[in-house]
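The next block holds one structure in the form of C-alpha cells; read it before the comments.
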C-alpha cells in the first residue's frame, strides 16, 4: 500500500494511490491529478512512501479552466514559471515559483489539473 504525506495544507484535495508501483520496482515518472472543486493551496512537492523507499514528486504543471477555455502554467527546473493561454501561441514569463502569490487560480480560471514529476 502506498501513502502520501502532504507538506502543506490542502483543501478538497486528498490523494489515495493504492498500489503505485506497477512493476513493483519503480515509481512512475509522472503523476497527474484532476482537481474537483477548489483548492486553497497546491503543494510544490509531494512526498510518497512506497515499499521501495520515499519518493519526491515536484510540481511541474498546472492546467486551468474557465468557460470552455484552457490555460496552463509550466514550471521549469530552475523554478521559472511560464504561462500558456490556449487561445494564443507562445509562452509568457510569469515569475519565479517562490514569488507567485497563488497557483490555485489564474485570472478567473481555477486549477483543474496538476502534473508532478519524480525528482532525481
Only one residue in 79, 68 is under 16 Å from the mean Cα position of the chain (by Cα) and on the phi > 0 side of the Ramachandran plot. Which one? 79
Is it the case that segment 32-41 has a residue that's at pLDDT below 85, exposed (fewer than 10 other Cβ atoms within 10 Å of the Cβ), more than 14 Å from the chain's Cα centre (by Cα) and not in a loop (DSSP other than H, G, I, E, B)? no
Can you confirm whether segment 97-104 contains a residue that is at pLDDT 90 or above and out of contact with any helix residue (DSSP H, G or I) (no Cβ under 7 Å at 6 or more places or on another chain)? yes
Those residues of segment 49-95 which are in contact with a strand residue (DSSP E or B) (Cβ under 6 Å, 6 or more places away or on another chain) and part of a loop (DSSP other than H, G, I, E, B) amount to 79, 86, 91
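The values are calculated or read from the model by the stated rules, or taken from the named source; none is laboratory data. Treat the numbers as computed from the prediction; the structure is a model and nothing was measured. Virtual Cβ from ideal backbone geometry, glycine too; neighbours counted across all protein chains shown.
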